[in-house]
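Bear in mind these aren't lab numbers, they're just calculated from the coordinates by the rules spelled out. Not measured: the values here are computed from a predicted model. Here the Cβ is made from the backbone with ideal geometry for all residues, glycine too, and neighbour counts use every protein chain on show.
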Amino acid sequence: MSRSAEENIIFDGRIRMPYKWAAGETSSYFLTQLRDHAKLWGTRCSVCQVIFIPPRKNCPRCVTADTTWVELPSRGVLQTFAVIYFSEPLLQPSEPPYIYGIVKLDGADTGLTHFLGEVAPGELRSGMRMEAVFKNKEDRSGLITDLLYFRPEGGSAS
Ligand SMILES: [Zn+2]
């Protein structure tokens, strides 16, 4: 008689594994400017002139590495948003409910995905003006969350 299993038993499991990784030259510059100066920088492709944020070392359209740094304002337009109600504590950066949005900073050609704050979901509209809110300088640590969230320009929408 064969010893092969007639049924594979499958267990659900979770592994938490601390790790470190280098952000790389481009992301490190972006994050240090955010941490040290509360400034948002993108890259401009010298071939197609598209301005990317988050910055890209190589233009994903032209594949050229000929890009330059461009300081962008901390204001822009909300392109779209989603309210997150689903809870997955090991993977999420915040306790639901929270709002993610894509904000296209003035002068940029791509949108930056981040939290939205100081606004109720029902007050949000695609196309509304938004501004970045940063952590205080002493609390910034070189993470994208040094940018706390975008809020309606001029403060709360209500
Ligand atoms: Zn390009």
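Across the stretch 122-151, what is the number of residues that are part of a helix (DSSP H, G or I) and under 22 Å from A82 (Cβ atoms)? Don't jump to the end; show me each part of the working.
Pass one, the stretch 122-151, residues part of a helix (DSSP H, G or I): 122-123, 137-139, 144-146.
With under 22 Å from A82 (Cβ atoms) added as a condition, the list becomes 122-123, 144-145.
Count: 4.
Restricting the search to the stretch 98-114, which residues are assigned to a strand (DSSP E or B) and within 16 Å of R75 (Cβ to Cβ)?
Matches in the stretch 98-114: G101, I102, V103, K104, L105, L112, H114.
May I ask you to list the residues in the stretch 42-87 that are aliphatic (A, V, I, L, M) and either part of a strand (DSSP E or B) or within 13 Å of the ligand (Cβ to nearest atom) (or both)? Quick ask: steps written out before the conclusion?
Of the stretch 42-87, the ones aliphatic (A, V, I, L, M) are 47, 50-51, 53, 63, 65, 70, 72, 77-78, 82-84.
Correct list: V47, V50, I51, V63, A65, V70, L72, V77, L78, A82, V83, I84.
Could you grab the pairs with beta carbons closer than 7 Å, sequence gap of 6+ or different chains, first residue in the stretch 14-40 and more than 11 Å from P55 (Cβ to Cβ) and without any contact (Cβ under 8 Å) to a residue 40 or more places away in the chain, second one assigned to a helix (DSSP H, G or I) and among the polar types (S, T, N, Q)?
Matching pairs, first to second residue: K39/Q33.
When you scan the stretch 101-114, do you find a residue that is surrounded by fewer than 19 Cβ atoms within 10 Å (Cβ to Cβ), within 17 Å of the chain's Cα centre (by Cα) and within 16 Å of the ligand (Cβ to nearest atom), even just one?
yes
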